[in-house]
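> Structure below; questions to follow.
No lab work stands behind these numbers, since they all come straight from the coordinates. What you see is a predicted model; the values in this text were computed from it and never measured. Heads up, the Cβs are rebuilt from the backbone with ideal geometry, glycines too, and the neighbour counts pull from every protein chain shown.
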Amino acid sequence: MTALLALALKLVGTGFLVVATIGVLRFEDPFQRMHAATKAGTLGAGLVLLGVMLTKGSMDATIVAFLTLIFLIGTMPVAGHLLGRAAYVSGAPLRSREDALAGVLPRATQPLEERTLLGFVAPSPVAAAETAVPAPPPERLRDAVAALEEEPYDSGFDGVRFAVIAPHAGLVTRRALKLAGPRRAPLTAVAVIDRDCVESARVPDARDVIRTKLASAIEEMRRETDGSPHPLALAYEEGDPLALIPALSAEGRELLVLPADGWCHHGAGVTLPVFEERLADKLFMVARKHEGPTLFVGCEEDAARKRIAVVHDGSRRAQRLAAWALNTRLWPVETVTVVGPASREQIDALAAVAADARAAVTHVHRPKATKGAMLPARYADAAAVVMPDLPKRACAYGGFWQDALIPGWRGDVLV
């Protein structure tokens, strides 16, 4: 009798699993497929476990089957809820007649697949109305379009990544939220402990000290994001920051946001056998490994600053990055100062793009440097510097790297 009951449970459970499989394959939207996988799948697996438990008949089999069943019942509803929430927020198609979460959870206007195929996220209707201006003459737009069309991230970004690094976690989080919000772009926070710093530290409890500092940084990040309707994914790892922080594939089209200084030992103060200058250089290495633009945040955004300075060496890379920065409108600017040996055609193309953002372009062919800086001190009112590449060293000769751009200046740097 027991054998027949066990066989019946296995057959019925297998039947539910088959039904769950058919539902996953045939249902139209991810929410229906998730319902089939979680409900019928959990019931089918539970019945099969009960059948196996009766077949074995031992105490060990009973305990293992019981614990497995408890685990399934406890985890599958939670996993289904989180997956359904993520699918809803990402804009997955909803085939039901009513949307019970309308106005409760933020929801992308287009599914992720369509946004990926489009290649960029269009500005919100409000922003487009505020910045709408008459189109520049066609002959000027031709060069602007040619400067943009071959760049992998030519018209915006599909997501924002930012590094959670103490003590600048709040500053970077605020800027990342502001950038991602109007575009409804996915937001990813990456918190990393540099394994090399832990292993090379000269104190026995270095890992605990660094973890404590990082925990404070994550808590600061959560305070900034608390109450925000924008979805946030947090990745926490201990390993190589050069492999974990940047997006190594250009297909993701993500903007990376980093602090202007600091590293993944999070200012823990542990004694390291390397100079802090060498650790600061690793931030530059992260930016160079990232497949996309990188924004170094130097200070809080100042609404009074209406100028960006473009360090233009005449290269195609500098032209595309400057055009991307203007077209994406990372900063509300009125003046764009292009510094360097850019050609007349390049300046006209940038002027065409800037005109759409109500900004004027000026060109300084050879600025007079001050104390070896790349730009003179009169550019200290700039909100940001856009440049095709970073300096070779972050802290050359004991000075901060932004002083090598503009003496005494602290602002955003886009590379």
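> Determine, for Met221, Met76, the number of other Cβ atoms within 10 Å of each Cβ, and report the residues in order from fewest to most.
Values: Met221 24, Met76 18.
So the ranking, lowest neighbour count to highest, is Met76, Met221.
> Using the Cβ atoms and a cut-off under 10 Å, what net charge is assigned to the surroundings of Val160, where Lys and Arg are +1 and Asp and Glu are -1?
Details: positive: Arg161, Arg175, Lys178, Arg183; negative: Asp158, Glu254.
Charge balance near Val160 sits at +2.
> Could you work out how much longer the chain between Leu248 and Asp381 gets when fully extended? Use 0.36 nm per residue separation minus the Cα distance between them, nm to one decimal.
Full extension of this stretch gives 44.5 nm more.
> Among Phe157, Phe31, Phe162, rank each residue by its count of other Cβ atoms within 10 Å, from fewest to most, as a rough exposure measure. Provide the component values of the computation, followed by the final result.
Numbers: Phe157 24, Phe31 18, Phe162 28.
Lowest to highest Cβ neighbour count: Phe31, Phe157, Phe162.
> Let me ask you something else. Pulled fully out, how much extra length does the chain show between Ile70 and Arg174, if you take 0.36 nm times their separation in residues and subtract their Cα-Cα distance? Mind dumping the intermediate values first?
Working: separation 104, 0.36 × 104 = 37.44 nm, distance 4.12 nm.
So the extension gain works out to 33.3 nm.
> A further question follows. With 10 angstrom as the radius, rank Phe66, Phe27 by how many other C-beta atoms surround their C-beta, starting from the fewest.
On the way: Phe66 13, Phe27 16.
The order, fewest Cβ neighbours first, is Phe66, Phe27.
> In whole Hz, what ³J(HN,Hα) sequence does the range 290-305 give by Karplus (6.51, -1.76, 1.60; θ = phi - 60°), x for Gly and Pro?
So the J values, rounded to whole Hz, are 6, 8, x, x, 10, 10, 8, 8, x, 7, 5, 5, 10, 5, 6, 7.
> If you don't mind, there's one more thing I want to ask. Could you work out the local net charge near Arg195, counting Lys and Arg as +1, Asp and Glu as -1, over the other residues with Cβ closer than 15 Å to its Cβ? Can you show the working numbers first?
On the way: positive: Arg207, Arg211, Lys282; negative: Asp194, Asp196, Glu199, Asp208, Glu237, Glu238, Asp240.
Taking every Cβ under 15 Å from that of Arg195, the sum is -4.
> Now for a different question. R0 = 60 Å: FRET efficiency of Asp226 with Thr55, Cβ-based, nearest 0.05?
0.75
> List the equivalent ellipsoid semi-axes of the range 2-89 in whole Å, largest first, each obtained as the square root of 5λ for an eigenvalue λ of the Cα gyration tensor. Spell out each step's value before the answer.
On the way: eigenvalues 160, 50, 5 Å².
Square roots of five times the eigenvalues give 28, 16, 5 Å.
> To the nearest 0.05, what FRET efficiency results for Glu345 and Arg202 with a Förster distance of 41 Å applied to their C-beta separation?
0.15
> Hey, another quick one. In the structure displayed, which of Lys178/Lys392; Lys282/Lys392; Lys213/Lys282; Lys178/Lys289; Lys10/Lys39; Lys10/Lys56 lie more than 21 Å apart, Cα to Cα?
Numbers: Lys178/Lys392 30 Å; Lys282/Lys392 11 Å; Lys213/Lys282 19 Å; Lys178/Lys289 24 Å; Lys10/Lys39 17 Å; Lys10/Lys56 13 Å.
Violating the 21 Å limit, Cα to Cα: Lys178/Lys392; Lys178/Lys289.
> Hey, can you grab everything whose amide H is under 5 Å from the amide H of Val270? Only 5+ residues off in sequence or another chain; H modelled, so Pro and N-termini drop out.
It is none; the list stays empty.
> Going from the alpha-carbon gyration tensor of the range 159-414, what semi-axes, largest first and in whole Å, does one get by taking the root of 5 times each eigenvalue? Kindly include the intermediate steps, with their values, before the conclusion.
Details: eigenvalues 207, 92, 47 Å².
Each semi-axis is the square root of five times an eigenvalue, giving 32, 21, 15 Å.
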